[in-house]
Amino acid sequence: MLQYPVLSPGLPRHYAGIRTVLSQKRSRRKRILFFAFMISVSECIRWTGITIFEIWLHAVGLLTFSVLIVMKTEIYSSLTYWHVFTPLFIATALNLYFLFIVLVRAVVEEKQCKDPILKHAFSWLRLVMIGIFEALLCYKVNGDLEDGQVAVQSSYGIVFLPVWVLMAALCFQAFRLL
């Protein structure tokens with residue numbers, strides 16, 4: 001949509017064209033932001049089964065991990081990568097613990113074992129794959145960077161295999177809900 005320049009009293013004629021270009025850029029930016037965030041948080045939660053608490057828990061773990069990795073590379077080189085990855089391991093372990101509590105409560109309330117296990121199977125798979133990925137990545141990075149040699153003979157393709165399994169499971173979950 002073409003916008004015509006609006007002249008304000010007291011402004012030279014060439015300022016109106018600049019204002020029009022800026023307003024067109026703003027409207028284009030709004031459209032780009034709209035298309036970048038087409039999936040809302042509630043849809044993401046419904047499709048993946050991730051709760052706000054899990055997002056918060058992993059965000060805190062990732063923030064602490066980021067601080068520790070900077071401290072290892074810049075200040076304390078005596079930290080090992082196992083120390084650096086500890087917040088991620090703790091976040092995953094706490095997430096597994098709370099998922100176990102939810103599973104036990106569901107089994108006790110429903111007096112059945114099959115339905116709650118099947119209901120939470122995707123969450124268990126997701127957390128186990130994240131934990132395996134974190135452990136393999138830490139083991140590989142520790143061997144490659146800490147020891148200064150290739151101590152781990154597996155490739156990064158093997159390290160990222162749990163991520164591929166997780167992505168396939170997320171696609172399956174998303175298509176199942178369509």
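The values are calculated or read from the model by the stated rules, or taken from the named source; none is laboratory data. A quick note: this is a predicted structure, and the numbers were derived from the prediction, not measured. No Cβ is skipped: glycine too gets one built from the backbone with ideal geometry, and neighbour counts run over all protein chains shown.
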Please go through (1) among the hydrophobic types (A, V, I, L, M, F, W, C); (2) more than 24 Å from THR48 (Cβ to Cβ); (3) modelled with pLDDT of 85 or more for LEU145 and return the number of the only condition it doesn't satisfy.
(3)
Please enumerate the residues belonging to the stretch 53-67 that are farther than 16 Å from LEU137 by Cα and either of a type in the set (A, V, I, L, M) or exposed (fewer than 14 other Cβ atoms within 10 Å of the Cβ) (or both).
PHE53, ILE55, TRP56, LEU57, ALA59, VAL60, LEU63, VAL67
Check ILE50 against each of (1) more than 15 Å from the chain's Cα centre (by Cα); (2) part of a loop (DSSP other than H, G, I, E, B); (3) surrounded by 14 or more Cβ atoms within 10 Å (Cβ to Cβ) and name the one condition it does not meet.
(1)
In the stretch 131-146, what residues are of a type outside the set (D, E, K, R) and free of Cβ contacts under 8 Å to residues at least 60 places away in the same chain?
GLY131, ILE132, PHE133, ALA135, LEU136, LEU137, CYS138, TYR139, GLY143
Out of LEU137, LEU88, LEU177, I need the residue that is surrounded by fewer than 16 Cβ atoms within 10 Å (Cβ to Cβ) and in contact with a helix residue (DSSP H, G or I) (Cβ under 8 Å, 6 or more places away or on another chain). Which one?
LEU177
Out of (1) part of a helix (DSSP H, G or I); (2) closer than 26 Å to TRP47 by Cα; (3) out of contact with any helix residue (DSSP H, G or I) (no Cβ under 8 Å at 6 or more places or on another chain), the odd one out for GLN112 is which?
(1)
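Which residue out of SER40, SER123 is among the hydroxyl-bearing types (Ser, Thr, Tyr) and surrounded by fewer than 16 Cβ atoms within 10 Å (Cβ to Cβ)?
SER40
So that you can scan it fast, the table gives a plain yes or no per residue for (1) of a type in the set (Phe, Trp, Tyr); (2) in a helix (DSSP H, G or I):
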residue	(1), (2)
HIS83	no, yes
TYR97	yes, yes
ILE117	no, yes
TRP124	yes, yes
MET129	no, yes
LYS140	no, yes
SER154	no, no
So which residues in the stretch 98-117 are surrounded by 11 or more Cβ atoms within 10 Å (Cβ to Cβ) and either of a type in the set (A, V, I, L, M) or in contact with a strand residue (DSSP E or B) (Cβ under 6 Å, 6 or more places away or on another chain) (or both), if there are any at all?
LEU99, VAL102, LEU103, VAL104, ALA106, VAL107, ILE117
Any idea how many residues of the stretch 92-147 are farther than 25 Å from TYR76 by Cβ and of a type in the set (Asp, Glu)?
3
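So which residues in the stretch 91-123 are more than 16 Å from the chain's Cα centre (by Cα), under 23 Å from PHE65 (Cβ atoms) and hydrophobic (A, V, I, L, M, F, W, C)?
ALA93, LEU94, LEU96, PHE98, LEU99
Quick grid of which residues meet (1) assigned to a helix (DSSP H, G or I); (2) modelled with pLDDT of 85 or more; (3) surrounded by 10 or more Cβ atoms within 10 Å (Cβ to Cβ):
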position	(1), (2), (3)
PRO9	no, no, no
TYR15	yes, no, yes
SER27	yes, no, yes
ILE45	yes, no, yes
LEU79	no, yes, yes
